[in-house]
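A short write-up of the structure that comes next.
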Amino acid sequence: MEKKLEELQQEALEKIGNTNEVDELEKLQVEFLGKNGKVTGVLRSMGNLPPEKRPVIGKFANKVKNKIEKELQTRLQELKVQQEKARLAQEAIDITLPGKKISRGRLHPMQLIINQLEDLFLRMGFAIETGPDVETDYYNFEALNIPQNHPARDMQDTFYVEGDLLLRTHTSPVQIRTMEKQAPPIRIITVGKCYRVDELDATHSPVFHQLEGLVIDHGISFSHLKGVLIAVTREIFGEERDVRFRPSYFPFTEPSAEVDVSCFKCQGEGCSLCSRTGWLEILGAGMVNPRVLEMSGIDAEKYTGFAFGMGLDRMAMYKYQIEDIRHLWDNDLRFLKQF
């Protein structure tokens, strides 16, 4: 029996020394020292020995068992140290390598235009007002001197929600809401989305952005309007830009004008961007129609004012020379990173 125990000890020690996995060590422990293990099986057969030999064999068997257990624990610690070294080596950082470049975000070109304009108007003493995207027919049309049978309604193909609710076709309803709740003097701008039934192409979109301005006070004239708009266009497009006012028509202003800025691509010589005219149309403006003032509760005999509205999508296209309006909303990072 002693020889059998010696052979088992030798077998166990050889297997333990050749094992490189913790899971394998656990299997060896079960194989030799488990409930049905090889050493345990030998110990169970001690009942067949003469009584005088049992103490001697029992002492030797415990010695073998302890030796195997000690080797298992020693090898287990060695493997854990090796695994830890391997993990640390794998996770090590070479501090001599160049660092990873952090990708920085960019402001959208539309947001750049909005920020620049809002900052300019705040410096000029304007306040910023907001209004709902879903409007009533009254605020979007009637209060702006566009009754049900007015031909100007044909100029704005409208998304109707239900009843007299619609998606606003311009930001002008904010002017009416402001005049109703605030007595003159009034000097405000509003920035927001507008909606019109339109085909999406290089220069048109059913969803676009406008910046609207309104000034109401004693003695406001067209000269004040021109001064503000010239300052705005030169702030956005450069001091060297020429500005011209062309007579136009809007139901809510009288007189009305379209405002153009000299083409910055061809310097007014004529190119594809400006359709060979040398000018780029950027906004519409005019003196607030007295009827609009009266409908909003402001005495048109005491006060006058001007209003203007500019398409920010087109402003961004002109300023950054973007050929297709769809680039603004394609969410292409290659395009956005240019700004």
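Quick look at the numbers
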read-out: Check on Gly58, free of Cβ contacts under 8 Å to residues at least 40 places away in the same chain and not assigned by TED's automatic domain parsing to the domain that holds Gly17; value: no
read-out: Segment 220-245: number of residues that are surrounded by fewer than 15 Cβ atoms within 10 Å (Cβ to Cβ), modelled with pLDDT of 95 or more and in contact with a strand residue (DSSP E or B) (Cβ under 9 Å, 6 or more places away or on another chain); value: 1
read-out: Residue in segment 147-157 that is modelled with the highest pLDDT, counting only those that are assigned to a helix (DSSP H, G or I) and either outside the structural domain of Gln321 (by TED's automatic domain parsing) or surrounded by fewer than 16 Cβ atoms within 10 Å (Cβ to Cβ) (or both); value: Pro151
read-out: Close pairs from segment 1-13: first in the same structural domain as Leu76 (by TED's automatic domain parsing) and of a type in the set (S, T, N, Q), partner surrounded by fewer than 13 Cβ atoms within 10 Å (Cβ to Cβ) and part of a helix (DSSP H, G or I), Cβ under 9 Å, at least 6 apart; value: Gln9/Lys63
read-out: One residue from His150, His170 being within 17 Å of Pro251 (Cα to Cα) and in contact with a Gly (Cβ under 7 Å, 6 or more places away or on another chain); value: His170
read-out: Residue match in segment 213-224 (condition: among the acidic types (Asp, Glu), more than 20 Å from Asp133 (Cβ to Cβ), touching a Leu at 6+ places or on another chain (Cβ under 9 Å) and assigned by TED's automatic domain parsing to the domain that holds Gln321); value: no
read-out: Residue within segment 159-175 that is in a helix (DSSP H, G or I) and either in contact (Cβ under 8 Å) with a residue 60 or more places away in the chain or over 28 Å from the mean Cα position of the chain (by Cα) (or both) present; value: yes
read-out: Residue in segment 294-307 that is nearest to Phe237 (Cα to Cα), counting only those that are surrounded by 22 or more Cβ atoms within 10 Å (Cβ to Cβ) and touching a Ser or Thr at 6+ places or on another chain (Cβ under 9 Å); value: Ala307
read-out: Helices (runs of 4 or more DSSP H) within segment 204-320 that include 3 or more residues farther than 23 Å from Ile186 by Cα; value: 222-237, 312-320
read-out: Among (1) surrounded by fewer than 12 Cβ atoms within 10 Å (Cβ to Cβ); (2) aromatic (Phe, Trp, Tyr); (3) under 30 Å from Val232 (Cα atoms), the one test that Tyr160 misses; value: (3)
read-out: Selection count, segment 120-142, where residues are more than 26 Å from the chain's Cα centre (by Cα), under 15 Å from Thr190 (Cβ atoms) and small (Gly, Ala, Ser); value: 1
read-out: Meets criteria (free of Cβ contacts under 8 Å to residues at least 40 places away in the same chain and either farther than 26 Å from Thr178 by Cα or among the charged types (D, E, K, R) (or both)) for Glu239; value: yes
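Residue-wise test of (1) outside the structural domain of Thr178 (by TED's automatic domain parsing); (2) in contact with a helix residue (DSSP H, G or I) (Cβ under 8 Å, 6 or more places away or on another chain); (3) of a type in the set (Phe, Trp, Tyr); (4) at pLDDT 95 or above.
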| site | (1), (2), (3), (4) |
| --- | --- |
| Phe252 | no, yes, yes, no |
| Arg276 | no, no, no, no |
| Ile282 | no, yes, no, no |
| Tyr303 | no, yes, yes, yes |
| Ala307 | no, yes, no, yes |
| Asp313 | no, yes, no, no |
| Ile322 | no, yes, no, no |
| Asn331 | no, no, no, no |
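The values are calculated or read from the model by the stated rules, or taken from the named source; none is laboratory data. Just so you know, these numbers come straight off a predicted model, no measurement behind them. Glycine gets a Cβ as well: all are built from the backbone with ideal geometry, and neighbour counts include every protein chain shown.
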